[in-house]
Amino acid sequence: MGSLPQRFEEFLNRPGLLGDFLSNLEAKSGVKRYYLATGSIAFLGLYLMFGYGASLLCNLIGFVYPAYSSIKAIESSSKDDDTMWLTYWVVYGLFSVAEFFSDTFLYWFPFYYAGKCVFLLWCMAPVSWNGSQVLYCSFIRPWFLKHHQTVDSVLSDLSGRALNAASAASREVLQSLADTRTPGVRVSQEATK
C-alpha cells in the first residue's frame, strides 16, 4: 500500500466517471489531473468555509452522489450495495433530523459546513470503515435492537388510531355531502323521530 498521495493519484487514474472526466479535462487544459483534483478540492473547501450558499452545496454533496449510487444499487443484482446505501440513508436521515434541531446553534460555528461535508463524505466513502457503517453498527443498530418492539407497538397503536380518525372523518364528510344534496330527506327523517 503506497503513501496517501500515491493512492490518491491511483484513485484519480481509475476508469470510471471521475477518471474519464479528469482525463478529458487534462487533455483539454494541459494541467495534470492530480493538480486539477487538488485544486478543485481546495476551492470547494474554501467555498464551504467562506462562500455564500455553503449549506446548499453541502446538502447537494451529501445527496446527489448517494442518490445516483442508490439507483445503481437498486438496478444491480448484488445485495451488498443495497445494504450499504440503505445504511447511508438511515444515518443521513438521523443526521438531518438532529441537524434540524441543532442547526440554529451549529450554524454559527466557523467551518461548520466544511465539517459537515467531511462527515457526509466519510459516511459515503467506499471503504468498509465508512461513517455510515461505523455509526450504524456502533449506535443505531444496538439502539434499534433494544427498542424496536416498543417502537413497533407504538406505531401500530398510532396507525390504528389514525385509521379510526380517518374513517370517522370520511363518514362525517360523506354525511355532510349527503345532507347538502338532499336537505328534504334529512328533515323528513328528523320529523319521524
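The values are calculated or read from the model by the stated rules, or taken from the named source; none is laboratory data. These figures come from a predicted structure and were not determined experimentally. Here Cβ is always computed from backbone atoms with ideal geometry, including for glycine, and neighbour counts include all displayed protein chains. Side chains included, ligands, DNA and RNA excluded: accessible areas come from the protein's heavy atoms. Shrake-Rupley method; radii C 1.70, N 1.55, O 1.52, S 1.80 Å.
Quick notes on this structure:
- Along the chain, counting only chymotrypsin sites (Phe, Trp or Tyr not before Pro) with a DSSP assignment other than H, G, I, E or B and at most 13 other Cβ atoms inside a 10 Å radius, the longest segment between sites is 130-193.
- Taking the chain and dividing mean pair separation by its residue count, relative contact order in percent (alpha carbons under 8 Å, at least six apart): 15 percent
- In Hz, Karplus ³J(HN,Hα) per residue of the range 56-63 (6.51, -1.76, 1.60; θ = phi - 60°; x = Gly, Pro): 4, 4, 5, 5, 5, 4, x, 10
- When 87, 104 are compared by accessible area at a 1.4 angstrom probe, the order from most to least is 104, 87.
- Nearest-ten-degree value, helix 17-29 long axis tilted from longest Cα axis of the chain: 50 degrees
- Estimated distance in nm for a label pair at residue 147 and residue 24, the labels positioned 7 Å out from Cα along Cα-to-Cβ: 4.7 nm
- With every protein chain in place, the chain: carbon and sulfur % of accessible area (1.4 Å): 68 percent
- Potential lengthening of the chain between residue 52 and residue 67 amounts to 3.0 nm, from the contour at 0.36 nm per residue minus the alpha-carbon distance.
- Entry for Rg/Rh (Cα atoms, Kirkwood Rh) (calculated from the structure that is shown) out of [x] 1.23; [y] 1.28; [z] 0.93: [x]
- Under 20 Å from a label point set 7 Å out along the Cα-to-Cβ vector of residue 155, the amide N atoms of the range 88-122 belong to 88-98.
- Rounded accessible area per residue of the chain, 1.4 Å, Å²: 75 Å²
- The trypsin sites (Lys or Arg not before Pro) of the range 1-106 that meet both conditions, a loop assignment by DSSP and at most 13 other Cβ atoms within 10 Å of the site Cβ, are 32, 79.
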